[in-house]
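S.K.: What follows is a single structure, and I will ask about it in a moment.
The values are calculated or read from the model by the stated rules, or taken from the named source; none is laboratory data. Computed from a predicted model, the values in this text were never measured in an experiment. Every residue, glycine as well, gets a Cβ built from its backbone with ideal geometry; the counts of neighbours run over all protein chains shown. Please note that ligands, DNA and RNA were not included when accessible areas were found on the heavy atoms of the full protein model with its side chains. Shrake-Rupley method; radii C 1.70, N 1.55, O 1.52, S 1.80 Å.
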Amino acid sequence: MASRTCLLFLLVAFLAGALAGDVIEVNRSQNQREFDYFALSLQWPGTYCRATRHCCSKNACCRGSDSPTQFTIHGLWPDYNDGSWPSCCYRSDFNEKEISTLKDGLDKYWPSLSCGSPSNCHGGKGSFWGHEWEKHGTCSSPVFRDEYNYFLATLNLYLKYNLTDVLYKAGYVASNSEKYPLGGIVTAIQNAFHINPEVQCKRDAIDEIRICFYKDFKPRDCVGSKDLTSRKSCPKYVSLPEYTPLDGEAMVLKMPTDREAL
Ligand code: AMP
């Protein structure tokens, strides 16, 4: 009798849990309406990498002379026109196998620039790609409904809109001594892509530049990009720091195992 009651209790508990899970899932998708546009967020590795305190194999700042010297991808973010954005839209655990054929491109253009493990949407920690897929990629539906197409399209956009090249051709190159007018950098991007980008700085160093797109991938203005005074995080003159990777010996001394780095 006691074991029957126990079984019944377990069954009720299981059903209640399953139903509660469904409700949370439904609420999530109801609360988060379809996004309005995409922001392709690009990071300047010179700014990100100079904060490197330790190395590990997954950190591209630690690749010595192969460390990135061009803007790298932070993510392709579905955003709303009011300045907010949806996140973690449905449960789709990141599976690196699905993007194995893109790995070379992702390692080169969308590398992790840290030894840390960003949080996923469900209380755990994972890879940088996993974080971007679960937090942002799952909200890119109905444009993308799977990892492979999300990562492939992001790589293609990055290669088509070559920000490093645009700035290079306008004379804005990595330097630890030059300061450049923010207005000049924005104008170079406007002339090349015919849109207003969003620019973010860490002190006077460019940290991220965002290029925005309609859902059909035609370029459009980013929200909050209209005038220079709204770019609160950047001063009038900004830098594009050069990153000098740690030399081989220092790297070996500072390189903990991946496990120690977590
Ligand atoms: P997001 O939520 O897309 O803004 O990403 C922020 C999270 O990703 C934070 O945990 C950051 O520390 C981490 N992050 C941002 N850029 C990188 C990068 N290039 N490599 C590794 N982690 C990163």
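S.K.: Inspect all residues belonging to segment 147-161 and state whether any of them is in contact with a Lys or Arg (Cβ under 6 Å, 6 or more places away or on another chain), aliphatic (A, V, I, L, M) and under 14 Å from residue 37 (Cβ atoms).
M.R.: no
S.K.: Name the residue that is modelled with the highest pLDDT, counting only residues in segment 190-235 that are assigned to a helix (DSSP H, G or I) and aliphatic (A, V, I, L, M). Let's see the steps before the verdict.
M.R.: Taking segment 190-235 as the starting set, the residues that turn out to be assigned to a helix (DSSP H, G or I) are 190-193, 228-230.
From what is left, the residues that are aliphatic (A, V, I, L, M) are 192, 228.
On the way: 192: 98, 228: 52.
Out of the qualifying residues, it is 192.
S.K.: Consider residue 238 against the criteria (1) over 20 Å from the mean Cα position of the chain (by Cα); (2) open to solvent by 20 Å² or more (accessible area, probe 1.4 Å); (3) at pLDDT 95 or above: it satisfies all of them except one. Which criterion is unmet?
M.R.: (2)
S.K.: For segment 23-48, give me the residue count where each residue is modelled with pLDDT of 95 or more and either within 16 Å of the ligand (Cβ to nearest atom) or not in a loop (DSSP other than H, G, I, E, B) (or both). Please lay out each step first, then the result.
M.R.: We begin by selecting, within segment 23-48, every residue modelled with pLDDT of 95 or more; these are 33-48.
Now drop any that are not either within 16 Å of the ligand (Cβ to nearest atom) or not in a loop (DSSP other than H, G, I, E, B) (or both), which leaves 35, 37-48.
Selection size over segment 23-48: 13.
S.K.: Something else: Just name the residue that is nearest to the chain's Cα centre (by Cα) out of those in segment 131-147 that are more than 17 Å from residue 40 (Cα to Cα) and in contact (Cβ under 8 Å) with a residue 24 or more places away in the chain.
M.R.: The initial filter retains those residues of segment 131-147 that are more than 17 Å from residue 40 (Cα to Cα), namely 142, 145-146.
When the remaining residues are screened for being in contact (Cβ under 8 Å) with a residue 24 or more places away in the chain, the result is 142, 146.
Working: 142: 20, 146: 17 Å.
The residue in question is 146.
S.K.: Restricting attention to segment 63-78, and to residues there that are among the hydroxyl-bearing types (Ser, Thr, Tyr) and buried (at least 18 other Cβ atoms within 10 Å of the Cβ), which single residue is modelled with the highest pLDDT? Steps first, answer last, please.
M.R.: Looking only at segment 63-78, we keep the residues that are among the hydroxyl-bearing types (Ser, Thr, Tyr), and these are 65, 67, 69, 72.
Narrowing the set further to residues that are buried (at least 18 other Cβ atoms within 10 Å of the Cβ) leaves 67, 72.
Details: 67: 95, 72: 98.
Step by step, filter segment 63-78, then rank; the result is 72.
S.K.: Of the residues 113, 163, which is touching a residue at least 40 places away in the same chain (Cβ under 8 Å), within 16 Å of the ligand (Cβ to nearest atom) and under 14 Å from the mean Cα position of the chain (by Cα)? Talk me through it step by step, then tell me what you get.
M.R.: On the way: 163 fails: under 14 Å from the mean Cα position of the chain (by Cα).
113 is the lone residue from the list that is touching a residue at least 40 places away in the same chain (Cβ under 8 Å), within 16 Å of the ligand (Cβ to nearest atom) and under 14 Å from the mean Cα position of the chain (by Cα).
S.K.: I'm trying to understand the selection: among the residues of segment 34-50, which are among the small types (Gly, Ala, Ser) and either open to solvent by 10 Å² or more (accessible area, probe 1.4 Å) or more than 9 Å from residue 78 (Cα to Cα) (or both)? If you could, list the steps in order and put the result at the bottom.
M.R.: Of all residues in segment 34-50, those among the small types (Gly, Ala, Ser) come to 39, 41, 46.
Once the filter is applied, which keeps residues that are among the small types (Gly, Ala, Ser) and either open to solvent by 10 Å² or more (accessible area, probe 1.4 Å) or more than 9 Å from residue 78 (Cα to Cα) (or both), segment 34-50 yields 41, 46.
S.K.: Kindly check whether there is at least one residue in segment 51-62 that is of a type in the set (A, V, I, L, M), open to solvent by 30 Å² or more (accessible area, probe 1.4 Å) and assigned to a loop (DSSP other than H, G, I, E, B). Spell out how you get there, then give the answer.
M.R.: Within segment 51-62, the subset of a type in the set (A, V, I, L, M) is 51, 60.
With open to solvent by 30 Å² or more (accessible area, probe 1.4 Å) added as a condition, the list becomes 51.
Now drop any that are not assigned to a loop (DSSP other than H, G, I, E, B), which leaves 51.
Checked against the condition, which is being of a type in the set (A, V, I, L, M), open to solvent by 30 Å² or more (accessible area, probe 1.4 Å) and assigned to a loop (DSSP other than H, G, I, E, B), segment 51-62 yields at least one hit.
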